[in-house]
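Novice: Quick one: the structure is below, and I'll ask about it shortly.
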Amino acid sequence: MHEMSLCEGVVQLIEEQAKTQGFTKVSTVWLEIGALAGVETEAMHFSFTAVARGTVVDSAKLEVIDVAGMANCPACSQCIPVSARFDVCSECGHYPLDIIAGEEMRIKELEVQ
Amino acid sequence: MCTTCGCGEGETTIDGHSHDHSHMHHHHAGHGHGAIAATHAPGMSKSRILRIEQDILSKNNEYAAANRNHFSRHGMLVLNLVSSPGSGKTTLLTRTLTQLKDELPQAVIEGDQQTVLDAERIRATGVEAIQINTGKGCHLDAHMVGHALENLNAADEGILFIENVGNLVCPAAFDLGEAHKVVILSVTEGEDKPLKYPDMFYAADLMLLNKTDLLPHLTFDVEKCIEFARRVKPGIKVLQVSAISGEGMDAWYEWLRASRQSVLSSLSEAVAGA
């Protein structure tokens, strides 16, 4: 359940942004979470509500944008979707693949007041 | 709450950590700045959209970078030991500390949710140990380790072992500033663990396959386990050891000596270049 720590990180970063960007309330937080990032979206929602209490993101809506896993195959040069780190190339069976998307854990945008 | 940096540590406790000291890590360094990506029409709403694009782990990574800097200035080889609970991590560690204690400086940071039992086992070997209790936390983070370092000097030009909370999931994402993550897997677990918990094996540079003295009593397929680990992390080094019988431990000690030597070489190069 490291989602609680991740949410603490999110709130900390947003509170710093609140100081530098001059906002006092956040109504929506958009996060990008990759399919290979090892993060449970449900747990993020649960933790976020708990961690946000009493901060600038109190009662803000959390929107999680899922980023699909993608990889390049070094053998056949195809770009293919992957659901796990150890997936083999769906075209030629080669592994390991070079992951190019799906590891994201990022605060993308905020709607602020 | 820390009176120096204002950090709230929640349920985390670090023994010997009184918070009356300076921090080596800076708390407010280099954050990205979101630019205004769009503004709603004036008069319609006061809300605006800020494009942030910040890595959620950026805070932890700043602390980890500060720790790494500290380790390198002090010539410390730092290893983050990760495993499931019950893999034999502490037994492996106490045997290692006992074996190497007359040869090089060593210290231990122990992470557990509760109790100081492991730190006591470590101290019984004569090696300095600091216990971090994470409360409900399931992993150590770089900030906790930064605080623990303030009370730790014994590992200068030696080895600092950080024994993470027993958990094959959460500690994978948190860089502590270590040189290597070392994952310990015991043969009493399933050989498919690397596929079930790929993030941890991907993050590790060395896998210690522990409790090999029990292999005659088990159906554990060593070759298959190594193949699974290398499917997740090609090139991961694997050593088969038994912390109880001592079998295979010499190769581990050699790996430690060689890794420490490379840290010391970088330190003397840095001194020569200064």
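The values are calculated or read from the model by the stated rules, or taken from the named source; none is laboratory data. Given the structure is predicted, the values throughout are model-derived calculations rather than measurements. Heads up, the Cβs are rebuilt from the backbone with ideal geometry, glycines too, and the neighbour counts pull from every protein chain shown.
Novice: Give me a count of the residues in segment B:95-117 that are charged (D, E, K, R) and either touching a helix residue (DSSP H, G or I) at 6+ places or on another chain (Cβ under 6 Å) or surrounded by 16 or more Cβ atoms within 10 Å (Cβ to Cβ) (or both).
Specialist: Kept after step one, since they are charged (D, E, K, R), are these residues of segment B:95-117: B:95, B:101-103, B:110, B:112.
From the residues that got through so far, the ones that are either touching a helix residue (DSSP H, G or I) at 6+ places or on another chain (Cβ under 6 Å) or surrounded by 16 or more Cβ atoms within 10 Å (Cβ to Cβ) (or both) too are B:95, B:110, B:112.
Going through segment B:95-117 one residue at a time, the tally reaches 3.
Novice: Then there is this: Quick check on segment B:77-87. Is at least one of its residues surrounded by fewer than 17 Cβ atoms within 10 Å (Cβ to Cβ), under 25 Å from B:Gln240 (Cα atoms), away from chain A (no Cβ under 14 Å) and in contact (Cβ under 8 Å) with a residue 24 or more places away in the chain? Walk me through how you get there before you give the answer.
Specialist: Our first condition is that a residue be surrounded by fewer than 17 Cβ atoms within 10 Å (Cβ to Cβ); within segment B:77-87, this holds for B:85-86.
Remaining after also requiring under 25 Å from B:Gln240 (Cα atoms): B:85-86.
If we keep only those that are away from chain A (no Cβ under 14 Å) as well, we get B:85-86.
Filter once more, keeping what is in contact (Cβ under 8 Å) with a residue 24 or more places away in the chain: B:85-86.
Checked segment B:77-87: at least one residue is surrounded by fewer than 17 Cβ atoms within 10 Å (Cβ to Cβ), under 25 Å from B:Gln240 (Cα atoms), away from chain A (no Cβ under 14 Å) and in contact (Cβ under 8 Å) with a residue 24 or more places away in the chain.
Novice: Inspect all residues belonging to segment A:46-54 and state whether any of them is loosely packed, with under 15 Cβ neighbours inside 10 Å and in contact (Cβ under 8 Å) with a residue 24 or more places away in the chain.
Specialist: yes
Novice: In segment B:192-216, what count of residues is obtained for those that are out of contact with any helix residue (DSSP H, G or I) (no Cβ under 7 Å at 6 or more places or on another chain) and over 23 Å from B:Arg95 (Cα atoms)?
Specialist: 3
Novice: Does segment B:186-198 contain any residue that is assigned to a helix (DSSP H, G or I), among the acidic types (Asp, Glu), at pLDDT 95 or above and surrounded by fewer than 21 Cβ atoms within 10 Å (Cβ to Cβ)?
Specialist: Here is the first cut: in segment B:186-198, the ones assigned to a helix (DSSP H, G or I) are B:193-196, B:198.
Cutting the leftovers down to among the acidic types (Asp, Glu) gives us none.
Looking for residues that are assigned to a helix (DSSP H, G or I), among the acidic types (Asp, Glu), at pLDDT 95 or above and surrounded by fewer than 21 Cβ atoms within 10 Å (Cβ to Cβ), one finds none in segment B:186-198, hence no.
Novice: From the residues in segment A:31-43 that are part of a loop (DSSP other than H, G, I, E, B) and within 9 Å of chain B (Cβ to nearest Cβ), which one is surrounded by the most Cβ atoms within 10 Å (Cβ to Cβ)? Step through it out loud before you land on a result.
Specialist: Within segment A:31-43, the subset part of a loop (DSSP other than H, G, I, E, B) is A:35-40.
Checking which are within 9 Å of chain B (Cβ to nearest Cβ) leaves us with A:36-39.
Values: A:Leu36: 24, A:Ala37: 20, A:Gly38: 21, A:Val39: 20.
My answer is A:Leu36.
Novice: Related question: As an exercise: evaluate B:Ile132 against (1) over 20 Å from B:Leu206 (Cα atoms); (2) modelled with pLDDT of 95 or more; (3) not polar (S, T, N, Q) and give the number of the one condition it does not meet.
Specialist: The failed condition is (2).
Novice: For A:Phe86, state whether it is out of contact with any strand residue (DSSP E or B) (no Cβ under 8 Å at 6 or more places or on another chain), surrounded by 13 or more Cβ atoms within 10 Å (Cβ to Cβ) and away from chain B (no Cβ under 12 Å).
Specialist: Values: out of contact with any strand residue (DSSP E or B) (no Cβ under 8 Å at 6 or more places or on another chain): yes; surrounded by 13 or more Cβ atoms within 10 Å (Cβ to Cβ): yes; away from chain B (no Cβ under 12 Å): no.
In short, no.
Novice: Further question on the same structure: From the set of residues in segment A:89-105 that are at the interface with chain B (Cβ under 10 Å from one of its Cβ atoms) and surrounded by 20 or more Cβ atoms within 10 Å (Cβ to Cβ), which is farthest from A:Glu40 (Cα to Cα)?
Specialist: For segment A:89-105, the residue satisfying everything is A:Pro96.
Novice: Moving on. For segment B:65-79, name all the residues that are assigned to a helix (DSSP H, G or I) and farther than 12 Å from B:Ala179 by Cβ.
Specialist: From segment B:65-79, those assigned to a helix (DSSP H, G or I) are B:65-73; that's our starting set.
If the condition is that a residue be assigned to a helix (DSSP H, G or I) and farther than 12 Å from B:Ala179 by Cβ, then B:Ala65, B:Ala66, B:Asn69, B:His70, B:Arg73 are the ones that fit.
Novice: Turning to a different aspect of this structure: In the list B:Gly10, B:Gly32, which residue meets the criterion of being touching a helix residue (DSSP H, G or I) at 6+ places or on another chain (Cβ under 8 Å), small (Gly, Ala, Ser) and modelled with pLDDT under 95?
Specialist: Details: B:Gly10 fails: touching a helix residue (DSSP H, G or I) at 6+ places or on another chain (Cβ under 8 Å).
Going through B:Gly10, B:Gly32 in turn, just one is touching a helix residue (DSSP H, G or I) at 6+ places or on another chain (Cβ under 8 Å), small (Gly, Ala, Ser) and modelled with pLDDT under 95: B:Gly32.
Novice: B:Lys193 - would you say it is farther than 30 Å from A:Ala37 by Cα, touching a strand residue (DSSP E or B) at 6+ places or on another chain (Cβ under 8 Å) and touching a residue at least 24 places away in the same chain (Cβ under 8 Å)? Please lay out each step first, then the result.
Specialist: Working: farther than 30 Å from A:Ala37 by Cα: no; touching a strand residue (DSSP E or B) at 6+ places or on another chain (Cβ under 8 Å): yes; touching a residue at least 24 places away in the same chain (Cβ under 8 Å): yes.
No, not satisfied.
Condition check ((1) touching a Phe, Trp or Tyr at 6+ places or on another chain (Cβ under 9 Å); (2) more than 11 Å from chain B (Cβ to nearest Cβ); (3) more than 18 Å from B:Asp55 (Cα to Cα); (4) part of a loop (DSSP other than H, G, I, E, B)) across all residues:
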position	(1), (2), (3), (4)
A:Val11	yes, no, no, no
A:Phe23	no, no, yes, yes
A:Val29	yes, no, no, no
A:His45	no, yes, no, no
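Novice: In segment B:95-109, what count of residues is obtained for those that are under 15 Å from the mean Cα position of the chain (by Cα) and either modelled with pLDDT under 95 or of a type in the set (Ser, Thr, Tyr) (or both)?
Specialist: Residues in segment B:95-109 being under 15 Å from the mean Cα position of the chain (by Cα) and either modelled with pLDDT under 95 or of a type in the set (Ser, Thr, Tyr) (or both): 0 in total.
Novice: What do you reckon, is B:Leu160 in contact (Cβ under 8 Å) with a residue 40 or more places away in the chain, touching a strand residue (DSSP E or B) at 6+ places or on another chain (Cβ under 6 Å), crowded, with 24+ Cβ neighbours inside 10 Å and not polar (S, T, N, Q)? Outline the logic, then answer.
Specialist: On the way: in contact (Cβ under 8 Å) with a residue 40 or more places away in the chain: yes; touching a strand residue (DSSP E or B) at 6+ places or on another chain (Cβ under 6 Å): yes; crowded, with 24+ Cβ neighbours inside 10 Å: yes; not polar (S, T, N, Q): yes.
So B:Leu160 fits the description; yes.
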